[in-house]
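Novice: Dumping the structure here so I can ask a few things about it.
The values are calculated or read from the model by the stated rules, or taken from the named source; none is laboratory data. Because the structure is predicted, anything quoted here is derived from the model rather than measured. Using ideal geometry, Cβ is built from the backbone for each residue, glycine included, and neighbour counts are taken over all protein chains shown. Each accessible area value is taken on the protein alone, full model and side chains, heavy atoms only, with ligands, DNA and RNA left out. Shrake-Rupley method; radii C 1.70, N 1.55, O 1.52, S 1.80 Å.
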Amino acid sequence: MKKYLSFFRLRLLAGLQYRTAALAGMATQFFWGFMEIMVFHAFYKADPTAYPMTMEATAAYVWLQQALLVFFGAWMFEGEIFETISSGNLAYELCRPIHVYDMWFARSIANRLSKAALRCLPILAVAAFLPRGYGLGLPVSLPAFLCFLASLILGLFVMVALNMLVYGSCLYTISGDGMRILFASLSEFLAGQVIPLPFFPEKVQRILELNPWASMGNVPFRIYGGDLAGAEMLRAMILQAVWLILLVTVGKLLCAGGEKRAVVQGG
């Protein structure tokens, strides 16, 4: 365990160095956050009762999504891992007394945490001072906030476990670009990053909520705004845990098989 904590700490410290990139990201996320909320307000003014979430819950969803974009961004892959696989440097990793899957998992979590730490607090601080219906209000209750934190951690782990499937599949291919692009494109739609899942037709929503992408940001953001509560919230969090176990199990098997099949050119 100490080995993986060391990888986690080193990657976390390295990620905290990119402050200029974080500032650029914050500016973009502020713009998109305001734009989305203005669009939703235009629809809500026509008929507020026609929508599945209150404007306050929708605003909270949007700001949390923007503040924690790097937590659940499907495009957030580590180029170094792909380079390790394609260049043959995987041989060095296999010589270490570690499990490659666990090391990459720890690195990926640290990478997302470091980038989120630089960006989320300024965005949340500004959003908290915006008027009601435009900004980020307080959580509906203390228990809901604690459930939000637990669900947020589960969602982050599910996101990284999904990324690990892409890394693992690259052990079987010459190039992982196609898999990476397909995964990122599907994820944004299925995770509710383009349109929150409650805004889909009811039958479509029921299907989408069962996929692993819906167990990422969709659940904690809706818990915070009060859109998910009680038995519904409990079911969603249990589904997060189930998907995490399944994805990690499949990912470990995929990586173990890929490591056995790995061929390093030149020896």
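Novice: Within the range 29-42, which residues are in contact with a helix residue (DSSP H, G or I) (Cβ under 8 Å, 6 or more places away or on another chain) and either open to solvent by 80 Å² or more (accessible area, probe 1.4 Å) or in a loop (DSSP other than H, G, I, E, B) (or both)?
Specialist: If the condition is that a residue be in contact with a helix residue (DSSP H, G or I) (Cβ under 8 Å, 6 or more places away or on another chain) and either open to solvent by 80 Å² or more (accessible area, probe 1.4 Å) or in a loop (DSSP other than H, G, I, E, B) (or both), then Trp32 is the only one that fits.
Novice: Is at least one residue of the range 73-87 open to solvent by 40 Å² or more (accessible area, probe 1.4 Å) and in contact with a Leu (Cβ under 6 Å, 6 or more places away or on another chain)?
Specialist: Scanning the range 73-87, I find no residue that is open to solvent by 40 Å² or more (accessible area, probe 1.4 Å) and in contact with a Leu (Cβ under 6 Å, 6 or more places away or on another chain), so the answer is no.
Novice: Name the residue, out of Gly168, Gly217, that is surrounded by 22 or more Cβ atoms within 10 Å (Cβ to Cβ) and in contact with a Cys (Cβ under 7 Å, 6 or more places away or on another chain).
Specialist: Gly168
Novice: Would you point out the residue of the range 131-154, among those that are in contact (Cβ under 8 Å) with a residue 60 or more places away in the chain and under 15 Å from Met55 (Cα atoms), that is surrounded by the fewest Cβ atoms within 10 Å (Cβ to Cβ)?
Specialist: So the residue we want is Arg132.
Novice: Another question, then. Within the set of pairs 6+ apart or on separate chains, which have a first residue in the range 68-79 that is of a type outside the set (Lys, Arg), a second that is assigned to a loop (DSSP other than H, G, I, E, B) and surrounded by 20 or more Cβ atoms within 10 Å (Cβ to Cβ), and C-beta atoms under 6 Å apart?
Specialist: Phe72/Met216; Phe72/Gly217
Novice: Anything in the range 177-203 that is open to solvent by less than 60 Å² (accessible area, probe 1.4 Å), aliphatic (A, V, I, L, M) and in a helix (DSSP H, G or I)? List them, or say none.
Specialist: Of everything in the range 177-203, those that are open to solvent by less than 60 Å² (accessible area, probe 1.4 Å), aliphatic (A, V, I, L, M) and in a helix (DSSP H, G or I) turn out to be Ala184, Leu190, Leu197.
Novice: Being among the β-branched types (Val, Ile, Thr), out of contact with any helix residue (DSSP H, G or I) (no Cβ under 6 Å at 6 or more places or on another chain), over 22 Å from Phe31 (Cβ atoms) and outside any helix (DSSP H, G or I): is that true of Val140 here?
Specialist: yes
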